[in-house]
Structure formats: C-alpha cells, structure tokens
Amino acid sequence: MKTIALRIDVDTYRGTGRGVPRLCEILKKHGVKGTFYFSVGPDNMGRHLWRLLKPSFLWKMLRTNAAGLYGPEIVLMGTAWPGPKIGKRFHSVIRDTMEAGHEIGFHAWDHHKAQAKLMSMSEAEMADEISRGLSFLAGLTGGIVRTSAAPGWRTNARLLEVKMRYPFEYNSDCRGTHPFYPVVNGKRLDQLQIPVTLPTYDEALGRDSVTDANYNDHQIGLLTEERPNVLTIHAEAEGGKCAEMFDVYLDRVKQLGYEIIPLGELARRVKDSAPDGAMELREFPGREGVLAVQK
Ligand SMILES: [Zn+2]
C-alpha cells in the first residue's frame, strides 16, 4: 500500500488569497487532488503570534523564519484592528478550489480563537464557532462539507461530541498512526477520525538537523508502505516560500509509486475496517502546548 492522503490547512487571509491558488496550480500540474480545510472568519493570527511571545516561541520563529513564511503583515493582523473576514473576501478562491475537484473541509471560523480557546469553551460556544464557519462554507459549496479538522490539533472529548451534531462523516483532529472510530465516555462515535501521521514543515525544520536542503529527503524517509500516510501542508508554507520544494516532493513521491488522494477517498477505503480507538492530550515535538494524539 503506497498511499499519501493530502490535507491542506488554510489558516490566514494571505494563505487563502495567495497560497491556495498557487497550491491549486502545483496540484493540477501533478494531477493530484487533496482536501483543503478552510478558515473563513476573521484573521486574528497576528494576535496568536503576540500571545506566544515567549522564549521557546521566539526560538521557533527564528528556526522557521515565520515572517518569511507568513509575510510581514501577519505580525500586525488582528492586533490593532479587527481581522478581515477571509471567506467573504476570498469566496471565489474557495469556489475555484472546489471546482478544480478538490475536497473542501471546515477548519475554523476564527482560527486564532479556536486554537487558543476552543477546548475550554462551553458546548454552546463550541457549537457557535462551528455553526458560523460551517454555514458559510456550506452556503458557498452547496452543502457538501463532510469533514472538519481542529485548528492546532486541539481536540477533547466534548468537542468530538459537539461535532456529532453536524453532518461530518470523518474528521482529522489528532496526530497518530491510523484511522479509527473514537470511543468517548464509553460510546463509539461514528465520525471516523483520520490522524495526521507525518510532521508539518514548521515542526520538522530545525530539528534532527533538518534544513530546507534535506527537508524532502527527511519527509520521504518517514513514509511507510505498511499503512496510509497522512500529510498536512499549509497554504502559508507550501503555497508560499516552500512551494518549489513541495513541487519537487510531489515529483519524487510519484516516482516512488505513491498514490496521492484526498482524505475523503481514504475515509471511503477504510471506513468499514477501521478499529475503535482513543486520543489523549499531550505535548508534541515541535509544537507549543498540548495537542490530541491517538493512544
Ligand atoms: Zn490551522
């Protein structure tokens, strides 16, 4: 089995406006389809950067060159004025992505808020965040949003249960090794969970001597034929300064015989055989704070 399920996270205004069209071009060139998870509300990611202004985060900024990755305006976005509403400004980008044959998923209404606070919100507040974003996205796509992905892999049992109120067929909310049905409070939820199995660019860079020069070698070295690989790229990174590198990556994995598919296709293939499982919150290499990891 040589499979890579491709997930594209879109977190910001700039990532949507510039990164998504560029990624769509690259994917078209290779004849590849993926799953785009959009954030459609205000872009307050600048607030996110200020909040994390502490030594370990500064180190990460230096390590990954965040201004180069996200652009200089990210540092101000959402700090002095309300962030722009991404979906309203770039609805045509989202529609074009869908019309190019990619799968459209729900990432967030307000990515910054969701990443920082979603897990500690009341269930009504969680539902409000999801409903706002999802209704916008559903309106835009004609209602075919079957999947969601929690920002920053911040997920807990309550959030999984709230998601059950929505017509998601599968979600990608955690890190791990293989798709599973989460068991929460003794009850098996029937929204399949598709964990991300590979590191992201910003997690891998600067660790274990990984640089831009050997990044693709490192990523390819982590692929397995034992089970499906699930890769997350970011519109802000692989649709920006890492675009050429990602283009080369696609060439190389295709030459190695890997098939690249959207998460929905992986879900369709494994939904009848996936086991039950659980996730826990813990620290994760290259990330700030805790995130959901398959047990
Ligand atoms: Zn994200």
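Limited to the stretch 135-162, what total is found for residues that are within 16 Å of the ligand (Cβ to nearest atom) and in a helix (DSSP H, G or I)?
Total satisfying the criteria: 5.
So which residues in the stretch 88-138 are aliphatic (A, V, I, L, M) and within 27 Å of Val290 (Cα to Cα), if there are any at all?
Ile104, Ala108, Ala114, Ala116, Leu118, Met119, Met121, Ala124, Met126, Ala127, Ile130, Leu134
Return the pairs, sorted by first residue and then second, in which the second residue is assigned to a helix (DSSP H, G or I) and acidic (Asp, Glu), the first residue lies in the stretch 88-101 and is under 13 Å from Val40 (Cα atoms), the beta carbons are less than 7 Å apart, and the residues are 6+ apart or on different chains.
Cβ pairs passing all conditions: none.
Here's a check for you: in the stretch 1-12, which residue that is within 16 Å of the ligand (Cβ to nearest atom) and not polar (S, T, N, Q) is surrounded by the fewest Cβ atoms within 10 Å (Cβ to Cβ)?
From the stretch 1-12, those within 16 Å of the ligand (Cβ to nearest atom) are 6-12; that's our starting set.
Still in the running and not polar (S, T, N, Q): 6-11.
Details: Leu6: 25, Arg7: 27, Ile8: 29, Asp9: 27, Val10: 29, Asp11: 28.
The selected residue is Leu6.
Of these, Gly46, Gly68, which one is in contact with a helix residue (DSSP H, G or I) (Cβ under 9 Å, 6 or more places away or on another chain), at pLDDT below 75, within 15 Å of the ligand (Cβ to nearest atom) and over 21 Å from Gly105 (Cα atoms)? Write out each step before concluding.
Numbers: Gly68 fails: within 15 Å of the ligand (Cβ to nearest atom).
The conditions single out Gly46.
In this structure, is Ile94 at pLDDT 95 or above, buried (at least 21 other Cβ atoms within 10 Å of the Cβ), over 17 Å from Ala274 (Cβ atoms) and within 16 Å of the ligand (Cβ to nearest atom)? It would help to see each step written out before you state the result.
On the way: at pLDDT 95 or above: yes; buried (at least 21 other Cβ atoms within 10 Å of the Cβ): yes; over 17 Å from Ala274 (Cβ atoms): yes; within 16 Å of the ligand (Cβ to nearest atom): yes.
Yes.
Determine which single condition Leu231 fails, assuming it passes every other condition in (1) within 19 Å of Asp173 (Cβ to Cβ); (2) in a helix (DSSP H, G or I); (3) of a type in the set (A, V, I, L, M).
(2)
Which one of these is modelled with pLDDT under 95 and either closer than 23 Å to Asn229 by Cα or within 15 Å of the ligand (Cβ to nearest atom) (or both): Glu169, Glu203?
Details: Glu169 fails: modelled with pLDDT under 95.
Going through Glu169, Glu203 in turn, just one is modelled with pLDDT under 95 and either closer than 23 Å to Asn229 by Cα or within 15 Å of the ligand (Cβ to nearest atom) (or both): Glu203.
With the condition kept exactly as written, say whether any residue in the stretch 13-29 is within 11 Å of the ligand (Cβ to nearest atom) and more than 12 Å from the chain's Cα centre (by Cα). Even if it seems obvious, please write down each step before you answer.
Applying the first criterion (within 11 Å of the ligand (Cβ to nearest atom)) to the stretch 13-29 yields 15.
Within this subset, residues satisfying the condition of being more than 12 Å from the chain's Cα centre (by Cα) are 15.
Yes, there is a match, as at least one residue in the stretch 13-29 is within 11 Å of the ligand (Cβ to nearest atom) and more than 12 Å from the chain's Cα centre (by Cα).
Answer with yes or no whether Asp190 is among the charged types (D, E, K, R) and surrounded by fewer than 20 Cβ atoms within 10 Å (Cβ to Cβ). Spell out how you get there, then give the answer.
Numbers: among the charged types (D, E, K, R): yes; surrounded by fewer than 20 Cβ atoms within 10 Å (Cβ to Cβ): yes.
Answer is yes for this residue.
Going through Ser120, Ser148 one at a time, which residue ends up being surrounded by fewer than 22 Cβ atoms within 10 Å (Cβ to Cβ) and polar (S, T, N, Q)? Don't jump to the end; show me each part of the working.
Details: Ser148 fails: surrounded by fewer than 22 Cβ atoms within 10 Å (Cβ to Cβ).
Within the list Ser120, Ser148, the selection yields Ser120.
The values are calculated or read from the model by the stated rules, or taken from the named source; none is laboratory data. A quick note: this is a predicted structure, and the numbers were derived from the prediction, not measured. When we count neighbours, we look across all protein chains shown, and the Cβ atoms used for this are built from the backbone with ideal geometry, even at glycine.
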